[in-house]
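The values are calculated or read from the model by the stated rules, or taken from the named source; none is laboratory data. The shown structure was predicted, so the numbers you read here are calculated from the model rather than taken from an experiment. A quick note on method: Cβ atoms are made from the backbone with ideal geometry, for glycine too, and the neighbour counts reach across all protein chains shown. SASA here: full protein model, heavy atoms, side chains in, ligands and nucleic acids out. Shrake-Rupley method; radii C 1.70, N 1.55, O 1.52, S 1.80 Å.
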Amino acid sequence: MLTKTTTRIGAATALVLTASLVLTGCSTSKNKADTQYVARDVSTLYNSGKDRLDRGQYKLAAALFDEVERQHPYSPWARRAQLMSAFSYYMNQDYAESISASQRFLSIHTGNKDAPYAYYLIALCYYEQIADVTRDQKITQQGLDALGELIRRYPETRYAADARLKVDLVNDHLAGKEMEVGRFYQRRGQWLAATLRFRSVVDKYQTTTHTPEALERLVESYLSLGIPAEAQKAAAVLGRNYPGTKWYERSYKLMQEHGVKA
């Protein structure tokens, strides 16, 4: 599974200015931070949410920020509370709620200066749910799509810079899934099915760490299918781009064993 500690720290750091803004004019009630509907002024609600967030009570914080929006929808602080709610849900790993809150923020405040962060939160929520390569990769593709959307809309932001790094990791993850399936077919002697998977890695994820192995396994598969010309092409690409790897050495040996010029 992809590492998430630095991601969570980064998300928290990105929102530190927003989180540090506390309304003045009314002290925070420490013993009335429940979320039952009781009419309260915006400062009491927001400060209560901020207090709970600072104490790591993320679910309660999110509920209080939601109350700010519900009780004071036309307040300038309702907009900020929406984003703080999305952030609190994210910190509590309530990813579906965080995505929903972020999307609601974007639907109302499309051109707001905090819109890039809302897109970033959505992308992080998908990214942190990426499972190991033996599982279905639907959520991985959703993460890739969300990261791509952020990069496309706000290419010059710091969020896009981080998103580009994560895209590389996600692509490597997807390539790993293709390799896992390809090796499975290869072990079963289903060479054509294996070839399609390895070919996908070479064509779609050529910048990932899996490409050298994919090329070598293409050599194996093509030779097993009795297509030495295609094996030769794959070996040539492997030798040209990864000449010092164990994968090239293996493919070179295979080609010699089959009497094919490497």
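One residue stands out in region 53-70 among those that are surrounded by fewer than 18 Cβ atoms within 10 Å (Cβ to Cβ) and in a helix (DSSP H, G or I): the one that is farthest from the chain's Cα centre (by Cα), namely ARG70.
Table: residues versus (1) on the phi < 0 side of the Ramachandran plot; (2) over 28 Å from the mean Cα position of the chain (by Cα).
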{"position": "LEU196", "(1), (2)": "yes, no"}
{"position": "PRO212", "(1), (2)": "yes, no"}
{"position": "GLY226", "(1), (2)": "no, yes"}
{"position": "THR245", "(1), (2)": "yes, yes"}
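For region 178-188, taking the residues that are open to solvent by 40 Å² or more (accessible area, probe 1.4 Å) and more than 10 Å from ALA214 (Cα to Cα), the one that is modelled with the lowest pLDDT is identified as GLU180. Within the set GLU230, GLU213, GLU249, GLU220, the sole residue that is under 29 Å from LYS166 (Cα atoms) and either in a helix (DSSP H, G or I) or of a type in the set (Phe, Trp, Tyr) (or both) turns out to be GLU213.
You will find that of ARG240, ARG250, the residue that is open to solvent by 70 Å² or more (accessible area, probe 1.4 Å), under 20 Å from ARG187 (Cα atoms) and free of Cβ contacts under 8 Å to residues at least 60 places away in the same chain is ARG250 and no other.
Residues in region 96-110 that are open to solvent by less than 60 Å² (accessible area, probe 1.4 Å) and either aliphatic (A, V, I, L, M) or within 14 Å of TYR126 (Cα to Cα) (or both): SER98, ILE99, SER100, ALA101, SER102, LEU106. Considering only helices (runs of 4 or more DSSP H) fully contained in region 99-197, which possess at least 2 residues that are touching a residue at least 12 places away in the same chain (Cβ under 8 Å) and among the hydroxyl-bearing types (Ser, Thr, Tyr)? Qualifying helices (runs of 4 or more DSSP H): 115-127, 158-187. In this entry, GLN82 is excluded by the filter for residues that are modelled with pLDDT of 90 or more and outside any helix (DSSP H, G or I). Given the structure, is THR208 open to solvent by less than 20 Å² (accessible area, probe 1.4 Å) and not in a helix (DSSP H, G or I)? Against the criterion (open to solvent by less than 20 Å² (accessible area, probe 1.4 Å) and not in a helix (DSSP H, G or I)), THR208 qualifies. Taking region 130-151 as the range and being surrounded by 17 or more Cβ atoms within 10 Å (Cβ to Cβ) and modelled with pLDDT of 90 or more as the test, the residues that pass are GLN142, GLY143, LEU144, ALA146, LEU147, LEU150, ILE151.
Put simply, of SER75, SER43, SER48 the only residue that is open to solvent by less than 60 Å² (accessible area, probe 1.4 Å), in contact with a Gly (Cβ under 8 Å, 6 or more places away or on another chain) and not basic (Lys, Arg) is SER43.
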